[in-house]
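The values are calculated or read from the model by the stated rules, or taken from the named source; none is laboratory data. These numbers come from a predicted model, not from an experiment. Cβ placement follows ideal geometry from the backbone for every residue including glycine, while neighbour counts extend to all protein chains displayed. Keep in mind that these areas ignore ligands, DNA and RNA; they rest on the heavy atoms of the full protein, side chains included. Shrake-Rupley method; radii C 1.70, N 1.55, O 1.52, S 1.80 Å.
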Amino acid sequence: MIGRMAAAALLAALAAGCSQGGPGLVEAALLKPAEAFDAAKAPPAPDYASPDAWAALPERRDAADQVPEGTEDRQADAEADVFFIHPTTYFKKDGWNAPYTEGGDGAMSVDGGTMRAQASAFNGCCRVFAPRYRQATLWTFMDFTANSEAALDLAYKDIERAFDNFITVRSGGRPFIIASHSQGAYHAMRLLEERVIGTSLAKRLVAAYAVGGPVPEAFARPALPACQSPEQTGCIVGWNTVSAAARPDPRRDRNAIIWLDGHYQPIAGRTLLCVNPLDWSVNGAAPASLNLGALPGKQQPGSLSAPLPAYAGAACRNGYLIVDFPDGGNAFTSRLTGKGSYHIFDYNLFYMNIRVNAEERVAAYLKR
């Protein structure tokens, strides 16, 4: 069985567009489910009325409550909420969708990884709600077929039901942010298009953070424009982090799947949205001096490490966010970044900028 780190490396390479012409025989042998998708064989659906179906809830202690040194968890006094959709942590070939109760590496990646290093960025502005769901397996994104689409549909339906529970039972009419990463960004885009844009909920949307997913520029529209400033609300941000040495493959750009206009479709050369998280400008460039603090990639159990200020600059180029490390990126160097993909660190590298910006956007929304 493929290890968690090896599978994450494959996902990172794909996310940065570094795969050369799609998956090969080795990847297929390690990751491809043996049988076609069968809804009857899918794991049981989560019951979002139960706390067990949530990775993070504001009324209990969980990994999304952690904060780096010098910051505070303000969920108890927050006037807004965040609905956070976690990325892929299921790398098995046992089936097309993960049991939402999956333990082991999958649970460690959600609770000890994405809740700590990603969802926690919003506990300064908002109460944090993060559903568990029957996420699609990694192979879904490597060779998109009818099986892949069915797996994503099943995962999305969980997210949709979780969002309904969040809106009708838990949020109490408060303003909210939709935040996500990687696979979560696919579901966030579909959720925005199907359940928020053009509805009364749009008036409550502070902003959408669709990070680490292929968000085409065409997804932004008058009803949900790209964010052009730090305090703009009712808008969307997104970026995909790579190094200057990365070489995105044009074939990947054409064949990667996006959600747009009501269905999954090839990106077909469309330019990706890139909002620079250092200055929150579209297709912008910013020096390391504007980096308020990167959260080191290697975290010890317990509290989060102190952020590293002015650690990295970044510039949007051809739809990708090119990161510049004055020190060579030692705090983020691993075998997962060997091909220039920093997908797994899309949040970490700009953690404090995201944290501060979420507070700024909520404050601007409440002021208006």
Problem set entry | All positions within segment 265-304 that are in contact with an Asp or Glu (Cβ under 8 Å, 6 or more places away or on another chain), open to solvent by less than 40 Å² (accessible area, probe 1.4 Å) and within 28 Å of D62 (Cβ to Cβ) | L304
Exercise. When you look at A40, is it outside any loop (DSSP other than H, G, I, E, B), under 23 Å from Y209 (Cα atoms) and not aromatic (F, W, Y), yes or no?
Worked result: no
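Tell me, which residue of segment 140-170 that is among the hydroxyl-bearing types (S, T, Y) and farther than 15 Å from Y186 by Cβ is least open to solvent (accessible area, probe 1.4 Å)?
Pass one, segment 140-170, residues among the hydroxyl-bearing types (S, T, Y): 140, 145, 148, 156, 168.
Restricting the remaining residues to those that are farther than 15 Å from Y186 by Cβ gives 145, 168.
On the way: T145: 53, T168: 108 Å².
Among them, the one singled out is T145.
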For this session: From the list Y347, Y320, Y342, Y311, pick out the single residue that is closer than 22 Å to D73 by Cβ and of a type outside the set (V, I, T).
Result: Y347
Exercise. Which of (1) assigned to a loop (DSSP other than H, G, I, E, B); (2) under 27 Å from S305 (Cβ atoms) does S180 not meet, given it meets every other one?
Worked result: (1)
Exercise. Do you know which residues across segment 211-238 are under 30 Å from N330 (Cβ atoms) and either part of a helix (DSSP H, G or I) or in contact with a Phe, Trp or Tyr (Cβ under 8 Å, 6 or more places away or on another chain) (or both)?
Worked result: V211, G212, G213, P230, V237, G238
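For segment 73-92, which positions are assigned to a strand (DSSP E or B) and closer than 17 Å to Y351 by Cβ?
Correct list: V82, F84.
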Seminar exercise, completed: Per the filter on segment 316-368, residues within 23 Å of A179 (Cα to Cα), of a type outside the set (K, R) and over 19 Å from the mean Cα position of the chain (by Cα) are E360, V362, A363, A364, Y365, L366
Exercise. All but one of (1) open to solvent by 40 Å² or more (accessible area, probe 1.4 Å); (2) part of a helix (DSSP H, G or I) hold for L201; which doesn't?
Worked result: (1)
For this session: Please state which one of L292, L278, L336 is out of contact with any strand residue (DSSP E or B) (no Cβ under 7 Å at 6 or more places or on another chain) and under 22 Å from N123 (Cβ atoms).
Result: L292
Exercise. Taking V196, is it farther than 22 Å from G319 by Cα, buried (at least 24 other Cβ atoms within 10 Å of the Cβ) and in contact with a helix residue (DSSP H, G or I) (Cβ under 7 Å, 6 or more places away or on another chain)?
Worked result: no
Problem set entry | Evaluation of E102 against (1) open to solvent by 10 Å² or more (accessible area, probe 1.4 Å); (2) modelled with pLDDT under 95; (3) in contact with a strand residue (DSSP E or B) (Cβ under 9 Å, 6 or more places away or on another chain) (one fails), failing number | (3)
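Of everything in segment 31-59, what is charged (D, E, K, R) and open to solvent by less than 70 Å² (accessible area, probe 1.4 Å)? Give them in sequence order.
D38 - this is the single residue of segment 31-59 that is charged (D, E, K, R) and open to solvent by less than 70 Å² (accessible area, probe 1.4 Å).
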Exercise. Can you find a residue in segment 171-187 that is open to solvent by 10 Å² or more (accessible area, probe 1.4 Å) and free of Cβ contacts under 8 Å to residues at least 12 places away in the same chain?
Worked result: yes
Exercise. Hey, among L191, L152, which residue is assigned to a helix (DSSP H, G or I), over 24 Å from A80 (Cα atoms) and not acidic (D, E)?
Worked result: L152
Exercise. In the list G112, G70, which residue meets the criterion of being in a loop (DSSP other than H, G, I, E, B) and farther than 19 Å from G213 by Cβ?
Worked result: G70
